[in-house]
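Peer 1: Can you keep this structure in mind? I'll have questions shortly.
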Amino acid sequence: MNIFRLIGDMSHLLAIILLLLKMWKTRSCAGISGKSQILFALVFASRYLDLFTSFVSVYNSVMKIFFISTSLLTVYLMYFKFRATYDSNHDTFRVEFLVIPVGGLAFLVNHEFSPLEILWTFSIYLESVAILPQLFMMSKTGEAETITSHYLFALGSYRALYILNWVYRYYFEGFFDLIAVVAGCVQTILYCDFFYLYITKVLKGKRITLPA
Amino acid sequence: CNHKKKKDEL
């Protein structure tokens with residue numbers, strides 16, 4: 001473990017808590033893409049299958065359980081409890097155009113052709129594009145609530161910090177995972193436009209309006 | 001080939 005990965009995980013944790021807080025306090029999931037949340041649940045379900053088979057550390061297991069349970073809770077809140085406030089008219093990204101190519105790529109490009117490894121690879125690729133329905137929805141609605149902006153900033157920062165973690169681990173531990181690094185860079189690049197808007201607008205107290 | 005390195009990242 002290093003400081004970059006620790007702050008990254010905390011940023012990821014913060015993002016999920018911010019989202020749950022927004023939904024719980026406003027009793028609404030307006031402006032949130034349910035499709036992205038389903039993709040995140042799929043990412044965690046396919047990545048943490050080794051939760052019961054390989055023990056890494058208490059921290060690792062606790063975080064995996066937290067991510068799986070909160071992602072399922074988020075999907076439940078969006079599609080059941082606060083379903084009336086779910087904005088399905090603007091959440092129209094065709095996720096099959098993400099899941100199918102990502103599924104195929106995971107079969108073709110992976111470290112080892114085994115079920116667990118292919119599912120892990122699928123999860124890594126899927127996570128890199130899972131935010132697209134959310135960004136697409138924001139471009140259609142033309143704006144985002146401030147707390148949703150904070151959620152996205154924390155979520156985008158987590159993988160950006162993981163990139164620093166991989167640089168650190170490469171130089172100090174000789175650790176390098178090309179699949180995770182490439183997908184992590186793609187994922188972070190997708191947030192760049194939002195990061196720009198967040199830093200130039202939200203931090204000055206304005207609301208984010210798209211297209212900029 | 002590299003031994004099965006345990007996946008220790010989230």
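Peer 1: A 22 angstrom limit on the alpha carbon distance is what I want to check against. Which of A:Lys25/A:Lys140; A:Lys25/A:Lys204; A:Lys22/A:Lys206; A:Lys35/B:Lys5; A:Lys35/A:Lys81 exceed it?
Peer 2: Working: A:Lys25/A:Lys140 24 Å; A:Lys25/A:Lys204 24 Å; A:Lys22/A:Lys206 18 Å; A:Lys35/B:Lys5 33 Å; A:Lys35/A:Lys81 16 Å.
From A:Lys25/A:Lys140; A:Lys25/A:Lys204; A:Lys22/A:Lys206; A:Lys35/B:Lys5; A:Lys35/A:Lys81, over 22 Å: A:Lys25/A:Lys140; A:Lys25/A:Lys204; A:Lys35/B:Lys5.
Peer 1: Size of the stretch A:140-212 along its principal axes in angstrom, Cα-based, largest extent first?
Peer 2: 43, 22, 16
Peer 1: Give me the tail of P(r) for the stretch A:1-70 as a percent: Cα-Cα pairs with distance above 19 Å.
Peer 2: On the way: 999 of 2415 pairs.
The share of Cα pairs beyond 19 Å in the stretch A:1-70 comes to 41 percent.
Peer 1: Just how large is the dipole of the stretch A:66-208 about the Cα centre, in debye to the nearest 20, putting +1 at every Lys and Arg Cβ and -1 at every Asp and Glu Cβ? List each step's numbers first, then the result.
Peer 2: Values: 10 positive and 11 negative charges, 124 e Å.
That gives a dipole near 600 debye.
Peer 1: Per the Debye formula with a single identical scatterer at each Cα and no solvent contribution, what log10 I(q)/I(0) holds for the stretch A:21-146 at q = 0.09, 0.17, 0.18, 0.20 Å⁻¹?
Peer 2: Rounded to two decimals, the profile gives -0.30, -0.93, -1.00, -1.13.
Peer 1: How large are Rg and Dmax for the stretch A:88-209 when only the alpha carbon atoms are used, in Å?
Peer 2: 16.4, 49
Peer 1: Is there a simple number for the mean count of other chain Cβ atoms within 10 Å of the Cβ of residues in A:183-192, and what is it?
Peer 2: On the way: counts 0, 0, 0, 0, 0, 0, 0, 0, 0, 0.
What the average comes to for A:183-192 is 0.
Peer 1: Another question, then. Averaged over peptide A:59-70, how many Cβ atoms belonging to another chain are found within 10 Å of each residue's Cβ?
Peer 2: Numbers: counts 2, 5, 0, 0, 1, 1, 0, 1, 1, 0, 0, 0.
Going residue by residue through A:59-70 and averaging, the value is 1.
Peer 1: Can you give the calculated 222 nm mean residue ellipticity of the protein assembly as shown, where each DSSP H run of n ≥ 4 adds -39,500 (n - 2.57) and the sum is split over every residue, rounded to the nearest 500 deg cm²/dmol? Before the final figure, lay out the partial values.
Peer 2: Working: 8 runs with 146 residues, N = 222.
It lands at -22500 deg cm²/dmol.
Peer 1: May I pose another question? Given the C-alpha atoms of the stretch A:83-126, compute the convex hull and give its volume per residue in Å³. The partial results should precede the final answer.
Peer 2: Details: hull volume 3.6 nm³, N = 44.
Dividing the Cα hull volume of the stretch A:83-126 by its residue count gives 82 Å³.
Peer 1: Taking just the alpha carbons, could you work out the radius of gyration and Dmax for the protein assembly as shown, both in angstroms?
Peer 2: 17.3, 53
Peer 1: Let me ask something additional. Dividing the Cα convex hull volume of the stretch A:35-87 by residue count, how many Å³ per residue is that?
Peer 2: Numbers: hull volume 3.6 nm³, N = 53.
Looking at the stretch A:35-87, the number lands at 67 Å³ per residue.
Peer 1: Using a basic spin-label model with each label point 7 Å from the Cα along Cα→Cβ, how many nm lie between A:Lys81 and B:Lys6?
Peer 2: Spacing of the two 7 Å Cα→Cβ label points: 3.5 nm.
Peer 1: Something else now. If the cut-off is 19 Å between C-alpha atoms, which lysines fall inside it for B:Lys7, apart from same-chain ones fewer than 8 positions away?
Peer 2: A:Lys64
Peer 1: Any chance you could give the angle, 0 to 90 degrees and rounded to 10, that helix A:146-173 forms with the longest Cα principal axis of chain A?
Peer 2: 20 degrees
Peer 1: Another question about this same structure. Report relative contact order for chain A in percent, whole number only (criteria: Cα-Cα under 8 Å, sequence separation at least 6). Present the calculation step by step, with values, prior to reporting the outcome.
Peer 2: Numbers: 249 pairs, mean separation 67.8, N = 212.
So the answer I get is 32 percent.
Peer 1: Report, ordered by chain and residue number, the aspartates and glutamates lying within cross-link reach of B:Lys6, taken as a straight Cα distance under 19 Å and ignoring same-chain residues fewer than 8 apart.
Peer 2: Qualifying aspartates and glutamates at Cα under 19 Å: A:Asp9, A:Asp50, A:Glu112, A:Glu117, A:Glu173, A:Asp177.
Since every read-out is calculated from the coordinates, none of them should be taken as a lab result. Because the structure is predicted, anything quoted here is derived from the model rather than measured. We place every Cβ from the backbone using ideal geometry, glycine too, and count neighbours over all the protein chains shown.
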